[in-house]
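Beneath this line is the structure, given in structure tokens, with notes to follow.
The values are calculated or read from the model by the stated rules, or taken from the named source; none is laboratory data. All values derive from a computational prediction rather than experimental measurement. Cβ placement follows ideal geometry from the backbone for every residue including glycine, while neighbour counts extend to all protein chains displayed.
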């Protein structure tokens with residue numbers, strides 16, 4: 001929502017201004033009434049459309065739109081870093097990831113997990129619709145499958161909670177407003193064609209049909225903005241914290257020792273964690289606290305703490321294929 | 001007298017809190033979840049349930065607290081392992097028609113529609129042709145194909161060999 005008041009203010013300034021008014025010769029009031037009314041109608045119409053754009057950003061998008069934006073963002077990530085071409089290791093990560101995702105709140109998504117070539121950065125990303133990527137740098141930090149599951153679970157929660165999708169909606173609204181506010185906007189703003197805007201506004205899910213060729217520039221612009229947000233800013237602190245805490249529940253549900261995830265988080269260097277909401281140590285402490293209070297929040301889990309080996313929660317070794325990849 | 005009243009009030013408050021916590025319904029969150037006659041993995045399977053299925057909740061088994069008593073909508077009762085259920089229902093998915101209409105899938109369809117929609121959408125395909133390198137597009141498609149080939153049996157087999165089965169079967 002940040003930035004919307006500013007955009008609205010800019011819009012109203014533009015709409016209210018009458019171009020070169022001071023250079024025009026004085027006119028009789030009865031002669032200027034009609035153009036003034038027309039200006040007022042135009043301004044009112046533009047203000048109405050700006051409000052509709054704002055409202056468009058509030059509508060939760062349908063899976064179909066989420067899938068397309070998720071795929072184009074995934075293509076950008078792959079284009080930047082490249083995927084590891086190791087079928088056995090990638091299959092293993094998919095098996096572990098799917099085993100978790102199927103226990104999430106969105107089990108039906110077409111989940112896919114990829115390994116990104118990046119030894120320098122210990123990181124993981126997710127894009128809407130079910131795409132999760134983990135870097136080779138992050139894999140090198142891991143000691144067992146429970147830690148891998150922890151990182152994948154954290155990214156799965158970003159998707160089930162629609163953190164990037166929500167950001168995409170905000171960019172959709174601001175692009176829409178830019179398009180209705182100015183005829184001289186960016187090419188992407190002009191790409192928000194009148195027909196696209198009216199059909200999106202008429203749809204209960206604000207649907208943009210990217211199957212239409214004339215919407216490809218708009219898809220490109222919104223992909224660019226959302227992918228840039230993901231790689232530079234990323235989810236808000238509160239969203240990161242929620243993903244961490246919900247990841248613990250997912251790990252418990254799948255049978256992994258959740259303490260292993262806490263251990264991994266604590267081991268991550270400050271550099272790897274620079275985009276996260278707090279330092280590794282603070283995150284680890286917050287996770288430890290969450291683990292303590294989980295039983296009081298969920299009666300189904302109450303008698304099972306402290307979620308260790310004795311209670312049946314395990315930390316299996318990583319697969320041989322992944323070990324080979326880590327040793328490269 | 002005052003102390004007795006106080007303890008009684010506290011007990012009432014505590015039991016009220018517990019009653020509030022205990023759900024009426026729970027939701028299945030794992031594939032092929034067995035409901036067993038007895039609260040044990042070795043118990044005879046009464047029926048199997050799937051993600052998104054709603055079950056009436058009967059409470060935790062006192063002797064085997066990792067098992068919970070449940071009843072299916074068609075009145076089949078038994079026990080289910082704690083990891084396979086959740087008090088939160090899966091989210092409902094919405095699909096859009098090309099004309100912008102929206103259809104909310106039911107709980108069952110929301111939990112299983114993914115296999116039918118795998119692969120690059122026409123919009124993403126056109127975007128890839130214009131903006132992505134042929135190598136990136138090929139890698140993406142290969143990853144999608146690999147995702148498609150991961151089967152429920154493959155996941156179950158891995159869980160079993162990794163010791164993740166627990167009482168969930």
For this session: Pick out, from segment A:1-94, the helices (runs of 4 or more DSSP H) lying fully within it that include 2 or more residues that are at pLDDT 80 or above.
Result: A:29-56, A:63-81
Exercise. Can you tell which of B:52, B:43, B:59 is closer than 24 Å to residue B:22 by Cβ and exposed (fewer than 14 other Cβ atoms within 10 Å of the Cβ)?
Worked result: B:59
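Would you check if residue B:114 is within 7 Å of chain A (Cβ to nearest Cβ), modelled with pLDDT under 95 and surrounded by 13 or more Cβ atoms within 10 Å (Cβ to Cβ)?
Judged against the criteria, residue B:114 is a match.
Within segment A:102-113, does at least one residue satisfy the condition of being closer than 24 Å to residue B:51 by Cβ, assigned to a helix (DSSP H, G or I) and more than 7 Å from chain B (Cβ to nearest Cβ)?
no
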Exercise. Can you pull out the residues in segment B:127-149 that are touching a strand residue (DSSP E or B) at 6+ places or on another chain (Cβ under 6 Å) and without any contact (Cβ under 8 Å) to a residue 24 or more places away in the chain?
Worked result: B:139, B:143
Seminar exercise, completed: Per the filter on segment A:201-213, residues within 12 Å of residue B:99 (Cβ to Cβ), surrounded by 19 or more Cβ atoms within 10 Å (Cβ to Cβ) and more than 7 Å from chain B (Cβ to nearest Cβ) are none
Exercise. Does residue B:88 satisfy being more than 30 Å from residue A:202 (Cα to Cα), at the interface with chain A (Cβ under 8 Å from one of its Cβ atoms), touching a residue at least 24 places away in the same chain (Cβ under 8 Å) and surrounded by fewer than 17 Cβ atoms within 10 Å (Cβ to Cβ)?
Worked result: yes
Exercise. Does residue B:124 satisfy the criteria of being within 7 Å of chain A (Cβ to nearest Cβ), buried (at least 19 other Cβ atoms within 10 Å of the Cβ), under 30 Å from residue A:195 (Cα atoms) and without any contact (Cβ under 8 Å) to a residue 24 or more places away in the chain?
Worked result: yes
